[in-house]
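Please treat every number below as a calculation from the coordinates, not as lab data. In this text the structure is predicted, and so the values were computed from the model without any measurement. Here the Cβ is made from the backbone with ideal geometry for all residues, glycine too, and neighbour counts use every protein chain on show.
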Amino acid sequence: MSNKEQHKLEHPMDDLLRMDRIPHIWCPGCGLGSDVAAFADGLKKAEVNFDKVAVVSGIGCTGRVAGYIKLDSYHTTHGRAIPFATGIKLANRDLTVFVFSGDGDLFAIGGNHLIHAARRNLDINVICVNNFIYGMTGGQNAPTTPLGAYSSTAPFGNYEAPFNLVGITAAAGANYVARWTTVQARRLSQSIATAAKKKGFCFIEVVSPCATVFARKNKGGTGLDLMKEFRNRTVIDHKADPTQIPLTMDDEIVCGEFVNREDPTFWENVQNGIKDQVEKNADWEKIQSEKNKRLYKKTLKYEGSRDIG
Amino acid sequence: MKQWERPFGRSKPETVKGEVKIVEDRCKGCGFCVEYCPCDVLELSDKFNKKGYHPPYAEKLEECTACKLCEMICPDFAIFVIEKEEEID
Amino acid sequence: MIKKSKLRGEFFMQGDIACAEGAIAAGCRFFGGYPITPASEIAERMAYRLPLVDGAFIQYEDEIASMAGIIGASWAGAKPMTATSGPGISLMNENIGLGMMMETPCVVINVQRGSPSTGLPTSWGQADMMQARWGSHGDYGSISLSPNSPQEFFDLTIVAFNYAEKYRLPVFVVTDAVVGHMTEKVVIPPVEELDIIDRKYTNKKPADYRPYDPDDDLIPPFAKAGDGYRYHSTGLTHDERGYPVMSEECQRRCAKRLVDKIKKNADDIIITEEHDIEDADVVVVSYGISSRTVIPAMEKAKEKGVKVGFLRLVTVWPFPEKRIRELSKKVKGFVVAELNLGQVVLEVERCAAKHAETKLVGHPGGGMHKMDDIVNAILEVANE
């Protein structure tokens, strides 16, 4: 193809990408670009109004996603993407808010925020890209690094049992919990479309290859080799109990949509709670003024406080 | 596949064909598209792009069914597919 | 929803409640907080008021989430507030830095208590003043207001919201547990008489809009999420488009403007209250609750023949350097009375260095200054 024709090529996802920042910073063989492509595809499938979508991410390789997506996007501090997204959603309930961040960002430093947001069933959608390591800072141990795997802060093999991300989130009370790998691009995209339309806390874990640090430190080959390994070990089972399917170095990766319920969201509970109060307090200003006038008159009995200044 | 009936009087079923477009200078030679194309349309070429990687090319373009899996799985937004309908006879 | 949301009239009100009412009067419709003595009453009042006026109240799981939450709410267009005490501000500092860098309007209330660390939870102090200026890492400008009565707590919360909206940064209202828990007469005027400022929204089209392109007053116009502008905002050093750029030139433009924005507008921001300054020999500088306790001491010193003036810092930051420098050429010295072991006195000392003496009447907190200590300090400076 000639150079002139190359220049005119417009990728169908270019309208959702910040073209002045492509090519992105992710390594060759990294699954993040595919995850962003699946995200863009999922949003198109869901037919949401793109002007009313906000994307929040934390710090890390996945945290850079916000900088490449052409929607209202925010790149916040490490671990605090979820409360930030909560603030956006509660201040403007018409927005569809996505949190796109990594396993370390959401479950290590941000672990507390995640379980509380899931408990409250706040109406945000969280996509957690799990690459089993802290990629951006050079390959340190993550709470999802499998037992025995090597990382730069576990030079003799990881001696900590990892978290099971879908298990925690399901136990905390999320409305929708799913796990996919980067290989299953279409199912991931469909899951994202479902989450965008679904109320309540929606969580999707994406098992993604990290070519430069995780694969290299664990003799995994290239990004493509990791993808092939994921593909070979993946089993799809929507009926699996999410608390019983941890991720290890050798066992099967169980993927699927494990939880899909319709529990009421935080805001619905608020509206429910204040139903009676709104009626009772319709004349609120008048009630308060009367109450306070009576209180003020009472306290005038007690003199002796000097009027200072 | 052997067919016993001619679907709606046509000689073969209507299929969608795809034309693969590759934005060569974005490619980082990861090989995802080559590996995961269900019809084995793509291969890595020998030429170099601006960054020194080998971009893919459509070796068996006639096999492409425009499933667009390459478009979704490419991490660099470097490949996409345009559908073209086959002529009905 | 309850239509008339703002109180009006004369009330016998606790300081914390007055602060919450001030926020509602200023238009605050989002509160994210965490309980801490002595600021819990603010959260409690907001929990009662906000859902009934179609606002959002959420008790977050910690102060860090509270600060992140109010920054998010601000970007969605709300006027948010959080309230905490010293230990909470220590936790919030990283996200305060994020608020400064992303230039997000919001209000942070610090009802100081005995410090450091857990300190005296049910007692008071004024030892977080430097933290209000320099708490987060890096260079940035900061605005802090210091009320000394529940009425002022109400008024200054509204002023804090106005400053936050005008200058696009987190503004602190730093008071102490005495003012927070004191109950006094508060007059709430009708809403029409209040001066409320809203943030400057952009009138450019989405294609031309640059989120960090400042106007002549060094403040960029705002665009909230959901309006179709599709901008990017980040805590990394960024250029006018909001995109991160790792260069010295970008750092110079980005970080320097955060400091300049407050420095150059300092004259419009600073509020002080002065009494008897014109022919004073000694000027007593104070803020917060200690500004009420110095008054009997000043009267006693006046009886002994000293000409004492009084300078009360209503805005502690930006510090009124110009005024102190001016006064230092006319007076013999300054007496700074504060409930800490020397924080704002360092600024007074720095500004008055060449010309006048500065004496600290410090106190570690948990009680009030003794009148004699202040009187003796005034006499000492006067007799130099």
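Taking a straight Cα-Cα cut-off under 21 Å and skipping sequence neighbours fewer than 8 places away in the same chain, the lysines within cross-link reach of C:K205 are A:K52, A:K70, C:K224.
Applying 1/(1 + (r/R0)^6) with R0 = 45 Å to the Cβ-Cβ distance of A:E279 and C:T118 gives a FRET efficiency near 0.55.
The ratio of the alpha-carbon radius of gyration of the protein assembly as shown to the globular-protein estimate 2.2 N^0.38 Å is 1.12.
Largest GNM mean-square fluctuation across A:T145, A:T222, A:T182, computed for chain A with C-alpha springs under 10 Å, falls on A:T222. Each residue of the range C:247-256 was assigned a 3J(HN,Hα) from its phi angle through the Karplus curve 6.51 cos²θ - 1.76 cosθ + 1.60 (θ = phi - 60°); the sequence is 9, 5, 4, 5, 4, 4, 6, 6, 6, 5 Hz, with glycine and proline shown as x. In summary, the lysines within cross-link reach of A:K217, defined as a Cα separation below 28 angstrom excluding same-chain residues under 8 places away, comprise A:K228, B:K28, B:K51. Each Cα pair under 8 Å and six or more residues apart adds its sequence gap; the mean of these over the residue count of the range A:109-257 is a relative contact order of 27 percent. Remark: spin-label model distance A:E10-C:D208 equals 2.3 nm, labels positioned 7 Å along the Cα→Cβ axis. Only helices enter the 222 nm calculation for the protein assembly as shown: every DSSP H run of n ≥ 4 contributes -39,500 (n - 2.57), and dividing by all residues gives -10000 deg cm²/dmol, rounded to 500. Each label was represented as a point 7 Å from its Cα along the Cα-to-Cβ direction; for C:E303 and B:E59 these points are 10.4 nm apart. By the count of neighbouring beta-carbon atoms within 10 Å, fewest first, A:D105, C:D268, B:D25 end up ordered C:D268, B:D25, A:D105.
Taking trypsin sites (Lys or Arg not before Pro) across the range A:224-260, the ones in a DSSP loop with at most 10 further Cβ atoms lying within 10 angstrom of their Cβ are A:K239. Between the exposed loop cleavage positions of chain B, defined as chymotrypsin sites (Phe, Trp or Tyr not before Pro) in a non-H, G, I, E, B DSSP state with at most 16 neighbouring beta-carbon atoms within 10 angstrom, the longest gap is B:5-47. Taking the inverse of the mean 1/r over every pair of distinct Cα atoms in the range C:191-271 gives a Kirkwood hydrodynamic radius of 14.4 Å. Across the options A:C61, A:H78, C:I295, the greatest Cα extent toward the positive end of the charge dipole of the protein assembly as shown (unit charges at beta carbon of Lys, Arg, Asp, Glu) belongs to C:I295. Computed across chain A, the Kirkwood hydrodynamic radius from all distinct Cα-Cα pairs reaches 21.3 Å. Extension gain, C:E274-C:D216: 0.36 nm per intervening residue step, less the Cα-Cα distance, totals 17.7 nm. Count Lys and Arg as plus one, Asp and Glu as minus one, and take only other residues whose Cβ is under 12 Å from that of A:E268; the net charge is then +1. Taken residue by residue and averaged, Cβ atoms of other chains lying within 10 Å of the Cβ of C:54-67 number 5. Computed from point charges on the beta carbon alone (+1 for Lys and Arg, -1 for Asp and Glu), the dipole magnitude for the range C:97-176 about its Cα centre is near 100 Debye. Against chain A, whose longest principal axis comes from its Cα atoms, helix A:266-280 is set at around 10 degrees.
A full extension of the chain between A:E252 and A:K45 corresponds to an added length of 71.6 nm, given 0.36 nm per residue minus the alpha carbon distance.
Taken residue by residue and averaged, Cβ atoms of other chains lying within 10 Å of the Cβ of A:37-47 number 1. Take the Cβ atoms of C:V53 and A:R119, set R0 to 25 Å, and the FRET efficiency comes out at 0.45. Here the contact order of chain A, divided by its residue count and restricted to Cα pairs under 8 Å and six or more residues apart, works out to 17 percent. Contact order for the range A:1-141, expressed relative to its length and based on alpha carbon pairs under 8 Å spaced 6+ residues apart, stands at 21 percent. The percentage of C-alpha pairs in chain C whose separation is greater than 27 Å is 49%.
Legend: Rg and Dmax of the range C:272-382, from Cα coordinates, 12.4, 35 Å. One chain, two ends: C:W134 and C:V187. Fully extended at 0.36 nm per residue, the span grows by 15.7 nm beyond their Cα-Cα distance. Look at the stretch B:66-74: the mean tally of other chain Cβ atoms within 10 Å of its residues' Cβ atoms is 5.
The radius of gyration of the Cα set in the range B:14-81, together with its Dmax, comes out at 11.2, 40 angstrom. Rounded, prolate or oblate, given the Cα gyration tensor of the range C:19-148, with a/c below 1.5 counting as rounded? Since a/c reaches 1.5 but b/c is at least a/b, the shape of the range C:19-148 is classed as oblate. Toward the positive end of the charge dipole of the range A:3-264, with +1 on the Cβ of Lys and Arg and -1 on the Cβ of Asp and Glu, the farthest Cα among A:I168, A:N92, A:Q190 is that of A:N92.
The trypsin sites (Lys or Arg not before Pro) of the range B:46-86 meeting both criteria, a DSSP state outside H, G, I, E and B (loop) and at most 12 other C-beta atoms within 10 angstrom of the site's C-beta, are B:K47, B:K50, B:K60.
If only the Cβ of Lys and Arg carry +1 and only the Cβ of Asp and Glu carry -1, the dipole of the range C:272-382 around its Cα centre is close to 160 debye. Within the shell defined by Cβ-Cβ distances under 11 Å, the residues around C:V316 carry a net charge of -1, with Lys and Arg each +1 and Asp and Glu each -1. Each Cα pair of the range A:205-273 feeds into the Kirkwood radius, which the Stokes-Einstein equation turns, at 25 °C and 0.890 mPa s, into a diffusion coefficient of 168 µm²/s.
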